[in-house]
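A short write-up of the structure that comes next.
The values are calculated or read from the model by the stated rules, or taken from the named source; none is laboratory data. The structure presented is a predicted model; accordingly, all values stated were derived computationally and were not measured. Cβ placement follows ideal geometry from the backbone for every residue including glycine, while neighbour counts extend to all protein chains displayed. Only protein heavy atoms, including side chains, enter the accessible area calculation; ligands, DNA and RNA are left aside. Shrake-Rupley method; radii C 1.70, N 1.55, O 1.52, S 1.80 Å.
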Number of protein chains: 2
Amino acid sequence: MEILNKPLWNDLEKSIHEPARLALITRLCAEKDGLGFQDLKSECGLTDGNLSRHLKVLEEAGIIHLHKVGKGRRSHTCVKLTPDGREAFLRYLYSLEKVLHGALDALELDTAEFPAGLPLAAS
Amino acid sequence: MEILNKPLWNDLEKSIHEPARLALITRLCAEKDGLGFQDLKSECGLTDGNLSRHLKVLEEAGIIHLHKVGKGRRSHTCVKLTPDGREAFLRYLYSLEKVLHGALDALELDTAEFPAGLPLAAS
């Protein structure tokens, strides 16, 4: 069964796949000059601890780069997507789309109709 | 920014989102009568321990139902998607699609062109 090709779901890079990190990377995509720690925190609705933990995973994977901006009391941490991170995210989204289409095929749903409405049974 | 609407990525149900569980559920979607433990194991390329662990999470979330089939040495465990599990998976896929489209928008990529080829810079 092609949808179960192991590399298909194994391609979902775990450093990106976690929902909060998915939100962080998506937000950073649109900011070529990077975004401050406090802005990211409030926009993604994360606590200091959670944001720090997720940024550490992303930094170690080479997806983001952290640097200090300004001096003294006005200094703050700026978070920026790296070129490698952007490429990794594109690869991830490509894999994600294949997984999504594989699942819709398995459910025998019409892919083209899916975005228009969720065919759920009345609950 | 609409793509950062917190509920969007929070809607990615964690019991489903894990890549191996995504593969397991996708496989079970196509089997109305369920599938044996050994078949699932080999088709999804998982070890006994990993499969057991993931099935436990899915069973506790009400997504699958496990039952014994046959007696004595011929008995085996059969795994089946529950009606609630199928609905939860549809909701998950719907959220996943929104996340994917949000990310493509943030990257300013043409959604319609994305499946045709991954616009990566030459590396």
Do we find a residue being more than 13 Å from every other protein chain (Cβ to nearest Cβ), among the basic types (Lys, Arg) and more than 30 Å from B:Cys29 (Cβ to Cβ) anywhere in the stretch A:24-41? no
Please work out which one of (1) closer than 30 Å to A:Phe37 by Cβ; (2) in a helix (DSSP H, G or I); (3) at pLDDT below 95 is the condition A:Pro115 fails and give its number. (1)
Matching residues in the stretch B:61-71 - criterion: being at positive phi and at pLDDT 90 or above: B:Gly62
Residue check, A:Leu58 against (1) out of contact with any Phe, Trp or Tyr (no Cβ under 9 Å at 6 or more places or on another chain); (2) at pLDDT 90 or above; (3) facing chain B (nearest Cβ under 10 Å), all met but one. Which one? (3)
Just to be sure, is A:Ala121 within 7 Å of chain B (Cβ to nearest Cβ), open to solvent by less than 80 Å² (accessible area, probe 1.4 Å), within 24 Å of B:Phe89 (Cα to Cα) and modelled with pLDDT under 90? yes
Checklist (1) touching a helix residue (DSSP H, G or I) at 6+ places or on another chain (Cβ under 8 Å); (2) facing chain A (nearest Cβ under 10 Å); (3) open to solvent by 80 Å² or more (accessible area, probe 1.4 Å); (4) in contact (Cβ under 8 Å) with a residue 40 or more places away in the chain applied to B:Lys14, failing item: (4)
Which ones in the stretch A:48-71 are more than 16 Å from the chain's Cα centre (by Cα) and either within 19 Å of A:Ala23 (Cβ to Cβ) or open to solvent by 80 Å² or more (accessible area, probe 1.4 Å) (or both)? A:Asp48, A:Gly49, A:Leu66, A:Lys68, A:Lys71
From the list A:Val57, A:Val79, which one is touching a strand residue (DSSP E or B) at 6+ places or on another chain (Cβ under 7 Å) and on the phi < 0 side of the Ramachandran plot? A:Val79
Would you confirm, using the coordinates I've provided, whether B:Arg74 is open to solvent by 50 Å² or more (accessible area, probe 1.4 Å) and at pLDDT 85 or above? no
Considering A:Gly45, A:Gly102, A:Gly34, which residue is on the phi > 0 side of the Ramachandran plot, surrounded by 16 or more Cβ atoms within 10 Å (Cβ to Cβ) and either in contact with a Ser or Thr (Cβ under 6 Å, 6 or more places away or on another chain) or touching a residue at least 12 places away in the same chain (Cβ under 8 Å) (or both)? A:Gly34
